[in-house]
Amino acid sequence: MVEQDTIKLLRECDAGVKMGVSSIDDVMDHVNAEKLRDLLRECRAKHEQLDKELQTLLDKYHDDGKEPNPMAKGMSWVKTNVMLAMKDSDATIADLMTDGCNMGVKSLHKYLNQYKAADEDSKDIAKRLIDLEEKLAIDIRGFL
C-alpha cells in the first residue's frame, strides 16, 4: 500500500509540475512588468528543480510519471488565450496564474489526503509544490 500510494502521489505531483511550467510558458510572451517576469521565471525554475527530484523518485519505482489531463490542459490554454485576447495585461496574467495556483493547491491537498500511506519523500515534494504555488499566488497579488 505504501508503494502504491507513493507512486500515485508522485504521478500527481509530476502532472502538477508539468501543468505549472506549461501555464507559465503560455503567458510569458505577454508579460510587461519585469518584476512579474522575474517572479514567473523564478517559479518556473523551482518547478523544474522539483521535476528533477520527482523524476529521480519515479525512476526508483520504475514509473514514467503522468502527463497533465489533456482536457484540463486544453481548457487552461483556451481560457488563457481568450482572456488575454480580451485584455492583454499583467493583471489578466496575475488573475490567470492565481486561479491556476489555487487549483493546484486544492488538487495537491486532495491527493495528500487520498494517498495517506505515501512515503515521506513523496509527501515532502507535494508539500513543497503546494508551498511554491501558494507563494507565487501571494507574490503576484500586486499585479491583480
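State, to one decimal in nm, how far the label point of LYS60 lies from the label point of ASN102, with both points 7 Å from Cα in the Cβ direction. My value for the distance between the label points is 3.5 nm.
When the helix-only estimate is applied to the chain (DSSP H runs of n ≥ 4, each -39,500 (n - 2.57), divided by the residue count), what is the mean residue ellipticity at 222 nm, nearest 500 deg cm²/dmol? Intermediate values should be presented prior to the final figure.
Working: 5 runs with 116 residues, N = 144.
Only helices count here, giving -28500 deg cm²/dmol.
For the chain, the membrane-span-like helix rule (DSSP H, alpha carbon extent of at least 20 Å along the helix axis, mean Kyte-Doolittle at least 0.0) picks out 2-28, 70-86; this says nothing about an actual membrane. Exposed loop sites are taken as trypsin sites (Lys or Arg not before Pro) in a DSSP loop (any state but H, G, I, E or B) with at most 12 other beta carbon atoms within 10 Å; the longest stretch of the chain without one runs 1-86. Taking the solvent-accessible surface of protein heavy atoms with a 1.4 Å probe, what is the per residue accessible area of region 5-144 in Å²? Using a 1.4 Å probe on heavy atoms only, each residue of region 5-144 averages 54 Å².
Provide MET97, MET83 ordered by accessible surface of protein heavy atoms (probe 1.4 Å), highest first. If you can, show how the numbers build up before the last one.
Numbers: MET97 15, MET83 50 Å².
I get MET83, MET97, largest accessible area first.
Per-residue surface analysis assigns HIS30 an accessible area of about 50 Å², computed on protein heavy atoms at 1.4 Å probe radius.
Of the solvent-accessible surface of the chain, computed with a 1.4 Å probe over protein heavy atoms with every protein chain present, carbon and sulfur atoms account for 54 percent. For the residues THR56, THR80, THR98, a GNM of the chain with alpha-carbon springs under 10 Å puts the largest fluctuation on THR56. With both labels modelled 7 Å from their Cα along Cα-to-Cβ, the ASP124 to HIS30 distance reads 3.7 nm.
The values are calculated or read from the model by the stated rules, or taken from the named source; none is laboratory data. Just so you know, these numbers come straight off a predicted model, no measurement behind them. Here the Cβ is made from the backbone with ideal geometry for all residues, glycine too, and neighbour counts use every protein chain on show. Note: accessible area is taken over every heavy atom of the protein model, side chains too, but ligands, DNA and RNA are not part of it. Shrake-Rupley method; radii C 1.70, N 1.55, O 1.52, S 1.80 Å.
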